Amino acid sequence: MYFLSHQRLFHIAIASTAVLLLASMLICQAREQPYVIATATPGGTYYPVGVAIATLIKVKLAPEEISLTAIRSAGSRENLELLRNNQAQFAILQGLFGAWAWHGDGPMQAAGPHKNLRAITTLWQNVEHFTVDASFTRTGNITELRHLQGEPFSIGQKNSGAEGSGRYLLNRLGIAPKETLELVHLSYGPSAEALQSGTIKGMNTPGGVPVAAVSQAFAALRDKLVILGFSEEQLQQINSEYDLWKRFVIPANTYESQSKAVNTIAQPNFLAVRSDIDADTVYLITKTIYANLSFLNNVHKATKIMALNKALNDLPIPLHPGAARYYKEVGITIPEERVVE
């Protein structure tokens, strides 16, 4: 009879334990559903709200083994690339970029229509904040950006939603950004710092009110800054291609020493998801968000506009079937064109 040595038995036991541990890990990984939500840079609204959504899902859906991690990005344009390449499964997007992606227009034209894209819900309004040195403006209208001829102006970080929508708005109004301004590509926080130091004379920082970077700049410079507004005629001009923007009034004193209300405009932000994420997961995430709106409201005031009766407002792409299931369950009528299987 052949007997194994104690040392040999010990090695076999260790190897067997390792195999069992590895098998256990693989089973857990197979059961877990770790997803990524792409946001933007700190200083705006996408990042803090994206982190809040991820935290909410981690806590509330832990029993379902659904996990969501928020990552920083340049914003909407990069988020679309992350979704397309499955480096992120969820993302916060501007309505304009959603429309571009779905139709294969604008900067998304080369990549073609992104038909693997679905919506979960409208979030908050992305309010246009074109903030400039007050010495360059008298009326406070957006056309006065022309007075900054050749001056440094932060249009937004490269490949960001701020840059894309900023260029789009100005071009729609006949203000050629590249020819009018010395364009600087900074994210929100650095834009506010550069404005404070005088390195730039204005910045484009769209976001939910209040935008942290705008608050920072006004706290330092006070009445030396002005947020430019838009006329009704300009709003119609902007919406002649995509009917996305609505009137938005920033109340007086939203920002320090901002003594007058600002008649600006806003487009929708929305939560997007890849179409191949299973319906049960999207259903649970949608349900969890709307069951815990007060949590998001405490993170950022912009989310206070969110409500079930506004969940489908101005969505530029079709709903994910999982989200549609939840809305039907709570009695919301969904137009047929909103759902694409």
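Structure summary
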{"quantity": "Per-pair calculated FRET efficiency, R0 = 25 Å: Glu232 and Ile332 via Cβ, rounded to 0.05", "calculated": "0.20"}
{"quantity": "Prolate/oblate/rounded call for the stretch 127-267, Cα gyration tensor, a/c under 1.5 rounded", "calculated": "rounded"}
{"quantity": "Unit charges on C-beta of K, R, D, E only; dipole of the stretch 70-152, Debye", "calculated": "320 debye"}
{"quantity": "Charge dipole of the chain about the Cα centre (unit charges at C-beta), most positive-ward option of Tyr46, Phe90, Val59", "calculated": "Val59"}
{"quantity": "Acute angle (nearest 10 degrees) that the helix 161-172 long axis makes with the longest principal axis of the chain, alpha-carbon atoms", "calculated": "30 degrees"}
{"quantity": "Under 19 Å from the Cα of Lys58 - lysines, other chains or at least 8 residues apart", "calculated": "Lys287"}
{"quantity": "Helical mean residue ellipticity (222 nm; -39500 (n - 2.57) per DSSP H run of 4+; nearest 500) of the chain", "calculated": "-11500 deg cm²/dmol"}
{"quantity": "Full-extension gain in nm, Asp105 to Lys304, via 0.36 nm per residue minus C-alpha separation", "calculated": "68.5 nm"}
{"quantity": "Beta bridges per DSSP with both ends in the chain, % antiparallel, nearest 5", "calculated": "60 percent"}
{"quantity": "Lys, Arg +1 and Asp, Glu -1 on Cβ, resulting dipole of the stretch 127-267 about Cα centre, debye, nearest 20", "calculated": "80 debye"}
{"quantity": "Segment Asn253-Arg172, extension gain: residue separation times 0.36 nm, minus the distance between their alpha carbons", "calculated": "26.2 nm"}
{"quantity": "Theoretical gain in end-to-end length, Asp243 to Asn297 [0.36 nm per residue, Cα-Cα removed]", "calculated": "16.7 nm"}
{"quantity": "Acute angle (nearest 10 degrees) that the helix 212-221 long axis makes with the longest principal axis of the chain, alpha-carbon atoms", "calculated": "40 degrees"}
{"quantity": "Cα-based Lys proximity count in the stretch 127-267, under 24 Å, for pairs eight or more positions apart or on separate chains", "calculated": "7"}
{"quantity": "Packing-based order for 153-160, 260-267, using average beta carbon neighbours within 10 Å, highest first", "calculated": "153-160, 260-267"}
{"quantity": "Tilt relative to the chain, helix 46-60 - C-alpha long axis, 0 to 90 degrees, to 10", "calculated": "30 degrees"}
{"quantity": "Net charge over other residues, Cβ less than 13 angstrom from the Cβ of Thr139 (K, R count +1; D, E count -1)", "calculated": "+2"}
{"quantity": "Choice from Val273, Val299, Val226 showing the highest fluctuation, given a GNM over the chain with Cα pairs closer than 10 Å", "calculated": "Val299"}
{"quantity": "More than 35 angstrom apart: percent of Cα pairs within the chain", "calculated": "29 percent"}
{"quantity": "Cβ-based charge dipole, the chain, positive-most Cα from Val209, Asn239, Leu315", "calculated": "Val209"}
{"quantity": "The stretch 127-267 - share of DSSP beta bridges that are antiparallel (%, nearest 5)", "calculated": "70 percent"}
{"quantity": "Point-charge dipole on Cβ atoms (K/R +1, D/E -1) for the chain, about Cα centre, debye to 20", "calculated": "520 debye"}
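Every number in this text was worked out from the coordinates using simple rules, so none of it is lab data. Values in this document were obtained by computation on a predicted structure and should not be read as measured data. Glycine also receives a Cβ, built like all others from the backbone with ideal geometry; neighbour counts cover every protein chain displayed.
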